[in-house]
Amino acid sequence: MLAKPYLIMSTYSYFDSFSVALTLWPSIGMTRAPVVSAEQPSPKLVQKAYDLVHDQYHLWRKSMPEYLGNQCMEVTTRLYGLLNSQDFKADIVIGSVRTEQTQFFHCDVPYLRDIATQPIDETTPIDLHAWITLGGDSVIDFALPSKLARNHGAPPDLFNQGFCADATGMAKHMKLYYEPMLVGSQYLALVNSADPHALLMQLQLLRK
């Protein structure tokens, strides 16, 4: 499988890729449409969602390993449940992330479709990244920062931190390019057996 060619900043558009990613769920075998859209959420709403995740850190982080750089599916499953149970419309984005020099995850849409629809070797790690969005180019990511801190020379204090930003701004100011390919929490149920929506249902029952 070939990685996507690197794109220069002038051709990078998270919104273009995200708009396409929002439409691909039926072709992957998903029956649940994304709950977000390409419409940009307000910065205030995104910050409120991040504040909730930060404030509840001790709860969703419980029983997880210290290093979250290879735990993106578990992290996003928990954050999806947490945010939606508190009336935020949040969903999970599947894709890759790169800098101008390095592609961190070597996946594309055909690869993502194959691992969701065909038998695969369960001993082989799945090469993708998952993050949370509230729509538009909003990104909440508590897995990638620790990967960057441990393996790619980022400041050590990122190890236990999360990103809360817009992908366009991250590309411009950090030269970190998020590349959305699919949107929808159900994808994790197809490739990882655990459905984030099932966790959401449990949390909603606890609130009643």
Please verify whether THR133 is hydroxyl-bearing (Ser, Thr, Tyr) and farther than 14 Å from CYS72 by Cβ, treating the condition exactly as stated.
no
Looking for something among the small types (Gly, Ala, Ser), modelled with pLDDT of 95 or more and closer than 17 Å to GLN71 by Cα - is there at least one such residue anywhere in the stretch 135-144?
yes
Answer yes or no: is there a residue in the stretch 123-140 that is of a type in the set (Phe, Trp, Tyr) and within 19 Å of VAL53 (Cβ to Cβ).
yes
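This table checks each residue for (1) modelled with pLDDT of 95 or more; (2) loosely packed, with under 13 Cβ neighbours inside 10 Å; (3) at negative phi.
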position: GLY153; (1), (2), (3): no, yes, no
position: ASP157; (1), (2), (3): no, yes, yes
position: GLN161; (1), (2), (3): no, no, yes
position: ALA167; (1), (2), (3): yes, no, yes
position: MET181; (1), (2), (3): yes, no, yes
position: GLN186; (1), (2), (3): yes, no, yes
position: HIS197; (1), (2), (3): no, no, yes
position: GLN202; (1), (2), (3): no, yes, yes
position: LYS208; (1), (2), (3): no, yes, yes
Among the listed residues TYR111, TYR57, identify the single one that is more than 15 Å from LEU128 (Cα to Cα) and more than 14 Å from the chain's Cα centre (by Cα).
TYR57
Is it the case that VAL20 is over 28 Å from ASN151 (Cα atoms), hydrophobic (A, V, I, L, M, F, W, C) and free of Cβ contacts under 8 Å to residues at least 24 places away in the same chain?
yes
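The values are calculated or read from the model by the stated rules, or taken from the named source; none is laboratory data. As the structure is a prediction and not an experimental result, all values here were calculated from the model. Reconstructed Cβ throughout: ideal geometry from the backbone, glycine too, with neighbour counts over all protein chains shown.
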